[in-house]
Amino acid sequence: MFQELAPHDPYDKCGHHYVIFLDLKNQHFEVLDSMHSEADADLTTHSEFFIKNLKETWNHHYETSRVQISHFPIEYVATTKQGNRHDYGFHMLEYLAKWEGQRVP
């Protein structure tokens, strides 16, 4: 999954993108962002809101599934931060293509 984050500009429909992985095997969510860290309130507020809605949707559509995600915690993965304000798309695509849940691509 990827999400758009443009908290300071409600008219910016392009914004900044980051990745949220749902790791069913290890039972947690992983957030990777090439510009923000867990210390950034905009990122944590945005990702927690999205994950809360995903958990509710999962429960609604898969309530009888043996796999339930409502208890899964969120892990903010430390990533190398990009050196500019326009390469986030590249980093996001690299995460999607190469992330294996062990080391940052």
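The values are calculated or read from the model by the stated rules, or taken from the named source; none is laboratory data. Given the structure is predicted, the values throughout are model-derived calculations rather than measurements. Because the Cβ atoms are built from the backbone with ideal geometry, glycine has one as well, and the counts that use them run over all protein chains shown.
Odds and ends about this structure:
- Residues that are part of a loop (DSSP other than H, G, I, E, B) and at pLDDT below 90 within the stretch 41-77 are absent altogether.
- Within the stretch 22-72, the set of residues being of a type in the set (Gly, Ala, Ser) and within 21 Å of residue 83 (Cα to Cα) comprises 34, 37, 39, 41.
- Residue check for residue 80: assigned to a helix (DSSP H, G or I), over 15 Å from the mean Cα position of the chain (by Cα) and not charged (D, E, K, R): no
- When residues in the stretch 25-63 are screened for being within 21 Å of residue 79 (Cα to Cα) and surrounded by 12 or more Cβ atoms within 10 Å (Cβ to Cβ), 22 of them pass.
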